[in-house]
Structure formats: structure tokens, C-alpha cells
Amino acid sequence: LEDGYQWFYEGRSGWWQYDERTSRELELAFKNGQRTCELLIVGQLYIADFDAMLQLRRNDMSRRRRIKRDLASIPKKGVAGLRLE
Ligand code: V3L
């Protein structure tokens, strides 16, 4: 994303950066003022809720993770489940 920001979802003790395609979808929806955005992530449908700043799995809303838009330079675990290092 152009301005040095990225989208993150919560893991165990840390944040994962979203993959590039999903990040672009989130950014577009967020900038458009949408309250939610539907995401297809490894064959599962999720909803990003920008009011609650949560990612919820569509078929099981108890599967929820915090999300945030933050500087790309913050400490992170990796990108979309691929660990850094
Ligand atoms: N992007 C990629 N994979 C995801 C995403 C996403 N936005 N959301 C869920 N998954 P749930 P630690 C995560 C994966 O929420 O050790 C991480 O990417 C999710 O992967 O219950 O806890 C790691 O790969 C999980 O495997 O629907 O920090 C992994 O957890 C699965 O979908 C472990 O990370 C179910 O998530």
C-alpha cells in the first residue's frame, strides 16, 4: 500500500501481515468507507468488520481475530502464516 501502512491480523502473541491481494482488498474497502469487507482466504470466507476491527469466519463467527491497519515497519510474525527469518 502506497503510504507505508499495512493490514494485520492477530496470531498467538503477535501480528501477521495479510497477503498482498487481501491487503489491497481491505484497503480499498476501508478507503471506500465500507463497514465490512468479504475476504476469501485459503478457501474460507471471512468478514472484516471495520467497526469492531475484527476478522470473523463466515461459517463460524466464533472464529474471530483482531485486525489493525498499522505501519508496515511494526514487529510482525510474518506474512499470511509464512514466518519471517
Ligand atoms: N490470512 C492467512 N491465514 C489465515 C487468516 C488470514 N487472514 N485468517 C486465518 N488464517 P481461524 P499463530 C494463522 C488461518 O481464524 O502461531 C496464521 O496465519 C490461520 O492461520 O480460526 O497462532 C498462522 O498460519 C489458521 O491456521 O479461522 O500466531 C497460524 O494461524 C486458520 O486459518 C498460527 O499462527 C484458521 O483460523
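Bear in mind that the values in this text are calculations on the coordinates, not laboratory data. Remember, predicted model here, so these are calculated numbers, not experimental data. Here Cβ is always computed from backbone atoms with ideal geometry, including for glycine, and neighbour counts include all displayed protein chains.
Across the range 50-85, the qualifying residues are those that are away from the ligand (no atom under 13 Å from the Cβ) and outside any loop (DSSP other than H, G, I, E, B), and the one among them that is nearest to Gly4 (Cα to Cα) is Leu71.
Counting only residues that are more than 12 Å from the ligand (Cβ to nearest atom) and either in contact (Cβ under 8 Å) with a residue 12 or more places away in the chain or surrounded by 10 or more Cβ atoms within 10 Å (Cβ to Cβ) (or both), how many does the range 33-49 have?
5
Taking the criterion of being more than 11 Å from the ligand (Cβ to nearest atom) and either over 10 Å from the mean Cα position of the chain (by Cα) or of a type outside the set (S, T, N, Q) (or both), the residues of the range 6-24 that qualify are Glu20, Arg24. For the range 12-32, filtering for residues that are surrounded by 14 or more Cβ atoms within 10 Å (Cβ to Cβ) and outside any helix (DSSP H, G or I) leaves 5.
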